[in-house]
Structures are given as C-alpha cells and as structure tokens.
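Reading through the structure tokens given below for one structure.
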C-alpha cells in the first residue's frame, strides 16, 4: 500500500486554506468553511491523493469523527483506511455529520467548487451510477497543505497554484478587491475621464468604488464621458465640477437630491446620462429612488430614454449587494468594482404581441 502523506492538523489546514483563499477570493466561504476543512483533512489522513490513485466517497468524510482524528500515527491511519469504506463501517465515536448531509458536500463543495478549480480530481472510467469511490485530492493542492511547506516557499507555491488553477477573470477580481483593501487608508485620488480634472476623496470603501466608477465604468459605458457631479458622505459637491452640467446643456435643481455620480456622454448627440448610486452600506436604486431620479432628469429636460440608472457595489459576494438585491428597481443596472466588464441588468420582459 502506498505511503501516507504528512498530515497537518485540522487547525493547521483551516489556517492554510485561509491563506490560499484570502478575503479577496470570490465566494470563498464554501472552500474555507468547516466542512471543506474536514474534507481536506480526511483526504490527507487516508492518503486519498491523485498520485496514490486512492479515492474516497462523500460518505468517507461524513462518517469520520473527532475521535479518529486524534489517532495520527501511520498504523492507526492505515487501520482506519482498511475498513473505512467497507459495508457497515462504523466510525470511532460519533461521526461528524448525519448521512443525509452528504449532498452539500458532494454538490456544493466537490462538484461545483473543488473539481472545477482542481482541488479535487475525479476517477475516470467509472459509471455515474457506480457506488465506487471516485474522488481524490489533487497533488498540487495537497502540496499546498503540507506542513513541510512554509514561509516564502509557501507563498510562492500559492501564487503559482492560483495562476495555474484560477481563470483570468477570477484572478482579476481578486486583484481588484485586494487593491481596494490596501487603498482604504489615506486620500483617494480620482482622475476624471475626458476633462482630466482631479478630485481628492476622503479615505474609505465608498470613495474607492466612486473612483472606479468615474475612471473605469465611465469609459466602458460611454464614448466620451464627462463626470458632472460627484457626492460622498462628507462632501456633497466639488467646486471643480460646478458649472460643468450647465456647460453641457444640463440644468439641475440645486435642491434636488442628486445621486452619488452623474455623468454624460458628450461623444454623440442626445448622449446618455448616467445616474449612479455608490453602495458600501446603504442607498441602492430602489423603485422609489428610481422614480425620484427620473423626475430629477425630467425636470432637467432629460427624457427617461436617455437615462441609465446604475447601482455600484464592491463585489457580488459583498454583504451590501446580498442585502439589497431584492430591493433593486426594475429597469436599473448593477455594476461591480471587482468585475468592471460586467453590467447586470434588471430588465422587464415584455409579452410578444
């Protein structure tokens, strides 16, 4: 029988996966949660690795126990391995999970998350209806969990694995989120497109989202965007922008409650005007807010057909988005700072006649 890999503790694995999948990793909870941590531990405990060609079932994880986890010498591991997947196997002590909880492990973790990015590999040539064990931890990921890997060597191995295993969009999303974390301290500088005016915003997540709305979303959304209004919590207007709306033929009521960002496309006749709300805690474009913004536009002589209503969030996994998604107005759109190429639309389907 193949030798067993070095075995980190469950706590060590928990700490390691939080380094492999840091806070800026999209939708990380399923890969760093308790069930995932235990799955990686059992895979290593039994030597269910790609190179060993030894495979487990979801029930192998479910029926493990804390009592068994304390027996970490090779002889105890091999004894467990010889019986753990035989009919009628009973774990030492109380098993971790009830038998009817294997579906979240199999579907949510293994099939939908771990297999696609190469954490788990699947045994080939086994019929879908077969009860045979078919899953193993990949050699590359097992190496990342090794207690023999640490320091700079670990960091370099993690970076290499991420570059190899993750798709370019995920890597880009991670980098944008990570940049936002490092920029939350100190002033945020915003260079506006087309006019090249520079605004200085107070530190904070809202300012970071506002900056990327002005610098990134604007040039993706419009041919020649001009930002004519910016508002943040501690500064409702910027002297640099006073008069810009009028210069482009737009007159807003000074008492109107404008959104966080207003921009206009001056690259074409009857260009679009975008009203954008930046949300890091509250204030999305709801149905009530949509009606108020369209009235502001109408009062300024802008027909609804020219108006884009957009709520900007940090990330689709962020709590503000999850909290507010049910309130977003039909006909509005959502933009995520971490995925600048994506614009999510809440469009109304019209019946064919």
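The values are calculated or read from the model by the stated rules, or taken from the named source; none is laboratory data. All of these numbers come straight from a predicted model, not from anything done at the bench. Cβ sites come from the backbone with ideal geometry, for glycine too, and all protein chains shown count toward neighbours.
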> Does residue 342 qualify as being under 32 Å from the mean Cα position of the chain (by Cα), more than 30 Å from residue 25 (Cβ to Cβ) and either assigned to a strand (DSSP E or B) or not assigned by TED's automatic domain parsing to the domain that holds residue 223 (or both)?
Replying inline: no
> Which residues, counting only those in the range 55-71, are outside any helix (DSSP H, G or I) and in contact with a helix residue (DSSP H, G or I) (Cβ under 8 Å, 6 or more places away or on another chain)?
Replying inline: 56, 63, 64, 71
> Which condition number in (1) closer than 15 Å to residue 81 by Cα; (2) in contact (Cβ under 8 Å) with a residue 24 or more places away in the chain; (3) in a helix (DSSP H, G or I) is the one that residue 52 fails?
Replying inline: (3)
> Residues of the range 73-88 being under 39 Å from the mean Cα position of the chain (by Cα) and in a loop (DSSP other than H, G, I, E, B), which ones?
Replying inline: 73, 84, 85
>> at pLDDT 80 or above and either under 21 Å from residue 340 (Cα atoms) or not assigned by TED's automatic domain parsing to the domain that holds residue 146 (or both): which single residue out of 186, 267, 249 fits that description?
In response: 267
> For the subset of the range 6-31 comprising residues that are crowded, with 19+ Cβ neighbours inside 10 Å and in a helix (DSSP H, G or I), which member is farthest from the chain's Cα centre (by Cα)?
Replying inline: 13
> Quick one: which of 274, 329, 300, 312 is under 26 Å from the mean Cα position of the chain (by Cα) and more than 30 Å from residue 28 (Cα to Cα)?
Replying inline: 274
> For the range 89-121, which residues satisfy the criterion of being closer than 21 Å to residue 141 by Cα and assigned to a loop (DSSP other than H, G, I, E, B)?
Replying inline: 115, 116, 117, 118, 119
>> Just to be sure I understand, how many residues within the range 212-240 are exposed (fewer than 14 other Cβ atoms within 10 Å of the Cβ) and in contact with a helix residue (DSSP H, G or I) (Cβ under 6 Å, 6 or more places away or on another chain)?
In response: 0
>> On the basis of being surrounded by 11 or more Cβ atoms within 10 Å (Cβ to Cβ), in the same structural domain as residue 224 (by TED's automatic domain parsing) and closer than 23 Å to residue 222 by Cβ, does residue 311 make the cut?
In response: yes
> So, of the residues in the range 241-278 that are closer than 19 Å to residue 203 by Cβ and free of Cβ contacts under 8 Å to residues at least 60 places away in the same chain, which turns out to be surrounded by the most Cβ atoms within 10 Å (Cβ to Cβ)?
Replying inline: 261
>> Anything in the range 84-102 that is over 22 Å from residue 34 (Cβ atoms) and surrounded by 12 or more Cβ atoms within 10 Å (Cβ to Cβ)? List them, or say none.
In response: 85, 89
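Yes/no matrix, rows are residues, columns are (1) within 24 Å of residue 166 (Cβ to Cβ); (2) touching a strand residue (DSSP E or B) at 6+ places or on another chain (Cβ under 7 Å):
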site: 56; (1), (2): no, yes
site: 63; (1), (2): no, yes
site: 66; (1), (2): no, no
site: 70; (1), (2): no, no
site: 102; (1), (2): no, no
site: 109; (1), (2): yes, no
site: 113; (1), (2): yes, no
site: 118; (1), (2): yes, no
site: 129; (1), (2): no, no
> Does residue 18 count as over 20 Å from residue 97 (Cα atoms) and free of Cβ contacts under 8 Å to residues at least 60 places away in the same chain?
Replying inline: yes
